[in-house]
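Some notes on the structure that comes next.
The values are calculated or read from the model by the stated rules, or taken from the named source; none is laboratory data. Please read all numbers here as calculations on a predicted model, not as lab measurements. Heads up, the Cβs are rebuilt from the backbone with ideal geometry, glycines too, and the neighbour counts pull from every protein chain shown.
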Amino acid sequence: GESVGLHLPTLSVQEGDNSIINCAYSNSASDYFIWYKQESGKGPQFIIDIRSNMDKRQGQRVTVLLNKTVKHLSLQIAATQPGDSAVYFCAENRASGGSYIPTFGRGTSLIVHP
Amino acid sequence: DAGVIQSPRHEVTEMGQEVTLRCKPISGHNSLFWYRQTMMRGLELLIYFNNNVPIDDSGMPEDRFSAKMPNASFSTLKIQPSEPRDSAVYFCASSPNDRATNEKLFFGSGTQLSVL
């Protein structure tokens, strides 16, 4: 079946380093992808998104890369800070009947050491 | 805007009891989603509504689960009877559902459900 998965369940980095979180997807019909950040005790929050007609999008300290050939998505966080410690989810949105159906990956826990 | 509001924040109940989770989406959002989060299965989509109409409930695990959206500002997820394996964090999320803008979801803070 279709699935979204992550390569690494836990990523530990030192403060100031760059972080890269990876995500694999299998549904070639997906045309929209989002990264969410979930802090402890809270719901997921939007970080950045990318459409399938793009291969890179940059935000503030974050960059998302999309490789449609190998169905791979990555989130890069520059100069990682302790406040970046959280679980990060990629989600693929498939258009269906005028709505988007978001399907989430399992998540990667990012731990930032001061 | 207060964001998506869920209640209760925590719910502890005994097996066999009825549980009702509540959600108030962001005003003006057309789509509402109910997710369940567990360590084993991650974030699972249970059901989503578009303009108050259930569109896809294929994620609802059993007949014990039901969801309603009587109006644009309120939705409930009910479990009757509840079982220990229903213990999880249940999230409600809403979305503007506008293809011309970002289709990001806005999540509530969740309801932590423990069924003893």
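Residues in segment B:28-74 that are assigned to a strand (DSSP E or B), under 13 Å from the mean Cα position of the chain (by Cα), within 23 Å of residue A:38 (Cα to Cα) and of a type outside the set (Phe, Trp, Tyr): 9 in all.
Every test in (1) in contact (Cβ under 8 Å) with a residue 12 or more places away in the chain; (2) within 10 Å of another protein chain (Cβ to nearest Cβ); (3) closer than 24 Å to residue A:87 by Cα; (4) not hydroxyl-bearing (Ser, Thr, Tyr) is passed by residue B:8 save one, and that test is (2). None of B:58, B:27 is among the polar types (S, T, N, Q), farther than 24 Å from residue A:90 by Cβ, loosely packed, with under 15 Cβ neighbours inside 10 Å and more than 9 Å from chain A (Cβ to nearest Cβ) except B:27. Quickly run through segment A:55-114 and pick out the residues that are within 14 Å of chain B (Cβ to nearest Cβ), part of a strand (DSSP E or B) and closer than 19 Å to residue A:42 by Cα. Those that are within 14 Å of chain B (Cβ to nearest Cβ), part of a strand (DSSP E or B) and closer than 19 Å to residue A:42 by Cα: A:86, A:87, A:88, A:89, A:90, A:91, A:102, A:103, A:104, A:108, A:109.
Would you mention how many residues in segment A:7-44 are assigned to a loop (DSSP other than H, G, I, E, B), closer than 21 Å to residue A:102 by Cβ and under 13 Å from the mean Cα position of the chain (by Cα)? First the steps, then the outcome.
Applying the first criterion (assigned to a loop (DSSP other than H, G, I, E, B)) to segment A:7-44 yields A:7-9, A:15-18, A:26-31, A:39-44.
Narrowing further to those that are closer than 21 Å to residue A:102 by Cβ: A:7, A:9, A:26-31, A:39, A:42-44.
Still in the list and also under 13 Å from the mean Cα position of the chain (by Cα): A:7, A:9, A:44.
Residues in segment A:7-44 being assigned to a loop (DSSP other than H, G, I, E, B), closer than 21 Å to residue A:102 by Cβ and under 13 Å from the mean Cα position of the chain (by Cα): 3 in total.
Filtered by the rule that a residue be under 23 Å from residue B:97 (Cβ atoms) and polar (S, T, N, Q), segment B:37-72 gives B:37, B:50, B:51, B:52, B:58, B:66, B:71. Restricting to segment B:92-103, and then to whatever is under 19 Å from residue A:51 (Cα atoms) and at pLDDT 85 or above, can you tell me which residue is nearest to the chain's Cα centre (by Cα)? For segment B:92-103, the residue satisfying everything is B:95. When residue B:15 is tested against the conditions (1) more than 10 Å from chain A (Cβ to nearest Cβ); (2) surrounded by 17 or more Cβ atoms within 10 Å (Cβ to Cβ); (3) at pLDDT 90 or above, the lone failure is (2).
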